[in-house]
1. Restricting the search to the range A:338-360, which residues are at the interface with another protein chain (Cβ under 8 Å from one of its Cβ atoms) and either at positive phi or assigned to a strand (DSSP E or B) (or both)?
2. List the strands (runs of 3 or more DSSP E) that sit entirely inside the range B:175-258 and contain at least 3 residues that are closer than 26 Å to B:GLY312 by Cα, of a type in the set (S, T, N, Q) and modelled with pLDDT of 95 or more.
3. Could you check the range B:314-351 and list, in sequence order, the residues that are more than 28 Å from the chain's Cα centre (by Cα) and part of a loop (DSSP other than H, G, I, E, B)?
4. Read through the list (1) free of Cβ contacts under 8 Å to residues at least 40 places away in the same chain; (2) in a helix (DSSP H, G or I), then give the number of the only condition that A:ALA159 fails.
5. So A:GLY462 ticks every box in (1) within 28 Å of A:GLU428 (Cα to Cα); (2) small (Gly, Ala, Ser); (3) in a loop (DSSP other than H, G, I, E, B) but one. Which box is left unticked?
6. Quick one: which of B:VAL141, B:VAL145 is at pLDDT below 95, within 14 Å of another protein chain (Cβ to nearest Cβ) and buried (at least 20 other Cβ atoms within 10 Å of the Cβ)?
7. Given the options B:SER83, B:SER34, B:SER103, name the one that is away from chain A (no Cβ under 14 Å) and assigned to a strand (DSSP E or B).
8. Tell me the residue from B:GLY278, B:GLY227 that is within 21 Å of A:SER19 (Cβ to Cβ), buried (at least 23 other Cβ atoms within 10 Å of the Cβ) and not hydroxyl-bearing (Ser, Thr, Tyr), please.
Amino acid sequence: MLMPRIGVFICHCGHNIASAVDVEKVAEFAKTLPDVVVAAHNMYSCSEEGLGAIRRSIEENKLDRVVVAACTPRTHEPLFRRNCERAGVNKYLFEFVNIREHVSWIHAKEPLAATEKAKMLVAMGVAKAALLQPQEETESGVIPVAVVIGGGIAGLSAASALVSQGIETHLIEKEPQLGGILKDIAVIGPEMVKTKEIIDGMVKEIGSSPKAHVHLSSRMTELTGFVGNFEITVTAADKCAEKIKAGTVIVATGGQEWSPQGEFGYGKMPGVITQLELERRLAKGEFPDSAVFIQCVGARVPGREYCSRFCCNASIKNAIRIMEARPEAQVSILHRDIMSYGTTAERAYHDAAEKGVRFMRYGLESLPKVDKLGDNLHVDVYDETLDDTIGMSTDVVVLAAPMVPIDNVKDLAMMLKVPVDKLGFFLEAHVKLRPVEFATEGIFICGTARWPSSVSECISQGLGAAAKASIPIRRGKVKIEPITAYSDPEKCIACGNCVQACPYQAIEIVTSKEGKRYAQVTEAKCKGCGNCVAACHNDAMQQKGFNTTQLSAMIDALIKNALEVVQ
Amino acid sequence: MKDKVVVVGGGIAGIQAALDLGDMGFEVHLVEKSPSIGGHMAQLDKTFPTNDCSLCILSPKMIMCADHENIKLHTYSEIDGVSGDFPHFKVKIREKARYIDISRCTGCGDCTVKCPVKVPSEYEEGLTNRKAIYLPFPQAVPRKVTIDAAHCRMITQKKCGVCKKVCQAGAIDYDQKDKVIDIDASALVIASGYDQMDVSLLPQFGFGIAKDVVTSLQFERILSASGPTGGHLVRPSDGTEPKTLAFIQCVGSRDAKCHVYCSSVCCMYATKESILAGEHAPNVKTSIFYMDMRAVGKNFQEFVQRAKKSYGVRYVQSRPAKLQPSKDGKGVLINYEKKGTGGDVAQEEFDMAVLCPALEPSKSASRLAESTGLKVDPDGFFATPDLKHPVDSTSKGIVVCGFASTPMDIPDAVTQASSAAARVAEMISGGGC
């Protein structure tokens, strides 16, 4: 066999890496490693210039393997892989070493140790690279069907966008009616649009499309498969379970209003109600003569630190509605910061103040007090701006409680095999640049299941998720990354440990023609998690790109170089 | 034949819209007025609330755009006119002369070293200079230089020619002319973004009067490891590290005399910049003067708490009335009303102050509105009157995403970009897939 020809490229990442790691020293060190033909360093390996330099080096030095020591594979691996491909090197002969997140950022104040650590990680990468094998991606078809879970505003927006593109779409809603929380809300601020017009329009669009299948009073009870080829079990209240095959899935399961039981007399004094309870009253035309809104009830407090984003705007909207219905009404909003971000919301804030709504700022140290006063309620608040305590009597006290995740969110997340954050909101693939995607391919997220959002934002997110979900369907095929597991029938004793360990039902025990029983992996179902490899007692299960020989070589390289440092 | 879509604006919203439309199979023409795509996000040091390095996460998307089989980049280009109606628009794209044969330019940068003319760098917000022939920033896409005709001596005075002499690729072409190309597009996506307002119009905030008053984008460059100070936090007057730092929120926004609206992102980037300042200069004492601390996104409140607890950032709920230079011309004196005192005014001295200016619709937006016939809202942002379709403009077949429609942060702009792609797909391929 020919000796591997490895090129190592160490990235400065401007000063991000070079401020802690002596990049030139690491490159010099890399030159001493086995099979390394060339080692260089670049200011920005990911810039067009840096990528061009790597391609030129591949050509000039006839490299057949490339190691880049830079930042994170999460954002940059596809770029460097494609760059290798462009220079004629199979992209699976590329190895990424992270010396930014794993070294320079966390050891910013220990440059000597950081440089040593970077060297060891590079040595490990090189050791693995020497043993890499070229791999080919397999392609699999995409079932041209999308499933949207949740028929609130975000799900409706997603489903209507999909059917309008001509994509067959199943919409699953747990309630007997579509619309979600908005069913209780008559108008949407700050533009005061009638909710019915929005919801009815979308429901009509979906209902009139032959491509749409609406499953009411139904829940998803199981999801198996992978991008392009999911199978979803839908269980309706009064029907047998139904299996749906789909290429992509959108999660739009929404949130719920936190119940402020015991806060400011809620549950004890009938006049103390939640925002959603007020919405229902206003929808019926029951306008109070006076109202005090208390913002941030159960939000921005220790234990639930977040701001629920839309509550200030909801209170402003309802305050305006009350003032318009009853111009003599006394309405106050007690807040800790008014969150009317943007253009129209800020205008509505001004509008409310002009209509006579009083805004008072309270602090966490001096919460408003709500008491009974005859048939009415009495509120005392220390207004920070006036530096004075103000008392007022009122018909209703409206508690603006935050939106929290739905009760069964953890079960749902388990079923979908996607993460939730510590609060229970779904965690997108990247908070900045992949807001409507999960890290799991083919599954997308929108609406308040991800984070409290305004109606307009939910609609946008639904559309965005629909765009993403339509792409594999439009393309008709998806690529499967060859990091899948495979078993050696000779070594396998058919114990079944791997079958148990696999979260994706990708492994089964089969019998060969010769009568030997062994574990077999369905490649299309395998996600490359490696659980089965760890569970195998006999070294029979291996994973492409992460096999035992490769990982052992990495550990050997680490020990060898670590010993040299100690000596 | 693939349907063609023209995306106007090569910031993060335009980039994402182009990528999604390209992935859907449309032929995308991405038009950017400056020499590189990337927009304002390329200028940022880090992004809130994760402090991800901005260009590090953006640059792969920029390169994906350039490499995409369905995306054609038109940088240093403008929309000259749009005629016709959905789905038969005729779009005139003016590819401005960059006086470079881009098929030959390798981006080696030899010319930029030798060029004798210095011009304030737009990318560095005027804190340092670029040359008359320049690459806006090292990760620029495409990596092709541009000659700034207004400053080039060869073009203005017919003398110099240094760049042509040093260019081994023979890429310099002083006689190049603008090129206008016509695209038959089925739809347009407007992602023209924002510009920071000119804060010198508000002299009470001291910009251009007190040397140590900078804008937040300038401060972003000062913090950036690749910026003019190499990431060292220093103030302009004497190049020393400030010990006290003030952020002024709502400069020109939430102001009846200027812009009524809230720019949506300033509270968070000021918090981010204050955390980064603390990382660069652990002893700096930072105060943020604000009206309402609008931290409404995922983990934003926690981010503010982190600024307070781990970096000692002081949040002062007050709107300063005046910023002026200290006696020796260094530092800044800030007058503000003390909260809860019934109007007592305090004067406090800071080593440096950062203004968070209103973010306005991009300067190109009004001309774009004219050429497309799109209506704008009272604040000058493109109107999107249909709540059911939040990215639809006032003309069928033209959608708007990102800051061009209303102030928003990066994830919201990225989301809207995907929404725009979905709406284009709906409009064009409605009924058949």
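The values are calculated or read from the model by the stated rules, or taken from the named source; none is laboratory data. Because the structure is a prediction, the values reported are computed rather than measured. FYI the Cβ positions are ideal-geometry reconstructions off the backbone, even for glycines, and counts take in every protein chain you see.
1. Within the range A:338-360, just A:GLY342 meets the criteria.
2. Numbers: elements: B:179-185, B:187-190, B:194-196, B:213-215, B:244-251.
Counting at least 3 such residues, we get no strands (runs of 3 or more DSSP E) at all.
3. B:SER326, B:LYS327, B:ASP328, B:GLY329, B:LYS330, B:LYS338, B:LYS339, B:GLY340, B:THR341, B:GLY342, B:GLY343, B:ASP344
4. The number of the failed condition is (1).
5. All conditions pass for A:GLY462, except number (3).
6. B:VAL141
7. Values: B:SER34 fails: assigned to a strand (DSSP E or B); B:SER103 fails: assigned to a strand (DSSP E or B).
Going through B:SER83, B:SER34, B:SER103 in turn, just one is away from chain A (no Cβ under 14 Å) and assigned to a strand (DSSP E or B): B:SER83.
8. Residue meeting the stated conditions: B:GLY227.
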